[in-house]
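S.K.: Before I ask anything, let me first share the structure, which is written out below as structure tokens.
The values are calculated or read from the model by the stated rules, or taken from the named source; none is laboratory data. In this text the structure is predicted, and so the values were computed from the model without any measurement. All Cβ positions, even for glycine, are placed from backbone atoms using ideal geometry, and neighbour counts span all protein chains on display. Accessible surface areas use protein heavy atoms only, side chains included; no ligands, DNA or RNA. Shrake-Rupley method; radii C 1.70, N 1.55, O 1.52, S 1.80 Å.
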Amino acid sequence: MDMAVQRRVEVSEIGDVTVVQFVDRKIIDAVSIQELGDELFVLVEQENRKSLLLNFETVEFLSSAALNKLVVLDTKVKAHSGKLRLCCLRPEITEVFQITNLNRVFDIRDDESTALASF
Amino acid sequence: MAKDSWNWKHKERIPSDMNEGTRLIQSMLGQLEQHGWAEESFGVHLAVEEALVNAVRHGNRFDTSKRVDVDLRVSPDRVFVEIADEGEGFQPDELPDPTREENLEKPTGRGVMLMRNFMDRVEFNERGNQVTMEKRRP
């Protein structure tokens, strides 16, 4: 049973896929990002979830520190032979992924149903 | 050249604390909205956020005895930001390119790149502990 207190993400399951939504609309400050990372890493490393979808529809803003945390998450998912998808990015957030070329690292889909179908 | 007149200026020395940085950013965002920069405010916000985090984290290394000098100015035609820390500085030319294939999966190095993307001018002083950024109407 998962004893971790989740403050930064809301986790649900759709079939075999773990869907994560973010509590914070703006993912900026270091403490929040650290906690967010810890909660996501638990899902992969302790709960061994293999199919992870991050739904960004509520996210209005994120900093490079948040991007860096996602890169670490991606590394961990790959190390655990899992799959990670992102979906529902707002245009400004999509632009940030494009500027940093991280759209080549992450599998980003327009909407949740398309993302779910891709697992 | 006529001296620029600013509709809003704010200069402050803050401790190495991002809560203080957030306060200044919130003030600035309101001014950006008011002076016709709503469409660009996401990018300016991100650039200032990255610069402040760099000053606090990399420049001052979270040393609360060290200060960050912040100079923010907004007019309908121009946005100006200058941020200086008390650190040793760094050489921005020596930053690895985070968009290169070999660096994509490294969890570092995207802040300055985002600053350069969203602002028209990003310049560091020789020591590398002060950044000046501007955005101008075309």
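S.K.: Please compute the modelled spin-label separation between A:D38 and A:S12, points set 7 Å along Cα→Cβ, answer in nm with one decimal.
M.R.: Calculated label separation equals 2.6 nm.
S.K.: Which whole-Hz ³J(HN,Hα) couplings does segment B:90-104 yield from phi under the Karplus relation 6.51 cos²θ - 1.76 cosθ + 1.60, θ = phi - 60°, glycine and proline marked x?
M.R.: 7, 9, x, 5, 8, 5, x, 6, x, 8, 5, 3, 6, 9, 4
S.K.: Between exposed GluC sites (Glu not before Pro) in chain A, where DSSP calls loop and at most 16 other Cβ atoms lie within 10 Å, what's the longest gap?
M.R.: Between the exposed loop sites, the longest stretch runs A:61-119.
S.K.: Order these peptides, B:51-58, B:73-80, B:13-20, by their mean beta-carbon neighbour count within 10 angstrom, highest first.
M.R.: Values: B:51-58: 22.9, B:73-80: 19.2, B:13-20: 16.1.
Per-residue Cβ counts within 10 Å, averaged per peptide and sorted highest first, yield B:51-58, B:73-80, B:13-20.
S.K.: Would you be so kind as to identify which of A:V20, A:Q6, A:V71 lies farthest towards the positive end of the dipole of chain A, taking Lys and Arg as +1 and Asp and Glu as -1 on Cβ and the Cα centre as origin?
M.R.: The one lying farthest along the dipole's positive direction is A:V71.
S.K.: Which residues' amide hydrogens lie under 5 Å from the amide hydrogen of B:T108, considering only partners 5 or more residues apart or on another chain, with H built in the peptide plane?
M.R.: none
S.K.: In the calculated pair distance distribution of the protein assembly as shown, what percentage of Cα-Cα distances lie above 33 Å?
M.R.: Distances greater than 33 Å cover 24 percent of the Cα pairs.
S.K.: Oh, and also: Applying a 10 Å radius around every beta-carbon, put B:88-98, A:74-84 in order of their mean neighbour count, most first.
M.R.: Ranking the peptides B:88-98, A:74-84 by packing returns A:74-84, B:88-98.
S.K.: Residue by residue through segment A:22-32, which ³J(HN,Hα) values in whole Hz follow from phi under the Karplus form 6.51 cos²θ - 1.76 cosθ + 1.60 (θ = phi - 60°), with glycine and proline marked x?
M.R.: In residue order, the calculated couplings are 9, 6, 7, 6, 10, 9, 10, 7, 4, 5, 4 Hz.
S.K.: Rounded to the nearest 100 Å², what is the sum over both chains of accessible area buried where A meets B, with a probe of 1.4 Å?
M.R.: Protein heavy atoms only, the A-B interface buries about 1800 Å².
S.K.: Hey, another quick one. When Cβ neighbours within 10 Å are restricted to other protein chains, what is their mean count per residue of peptide B:109-117?
M.R.: 4
S.K.: Turning to a different aspect of this structure: Rounded to the nearest percent, how much of the accessible area of segment B:1-109 (1.4 Å probe, protein heavy atoms only) is carbon and sulfur?
M.R.: Here it works out to 44 percent.
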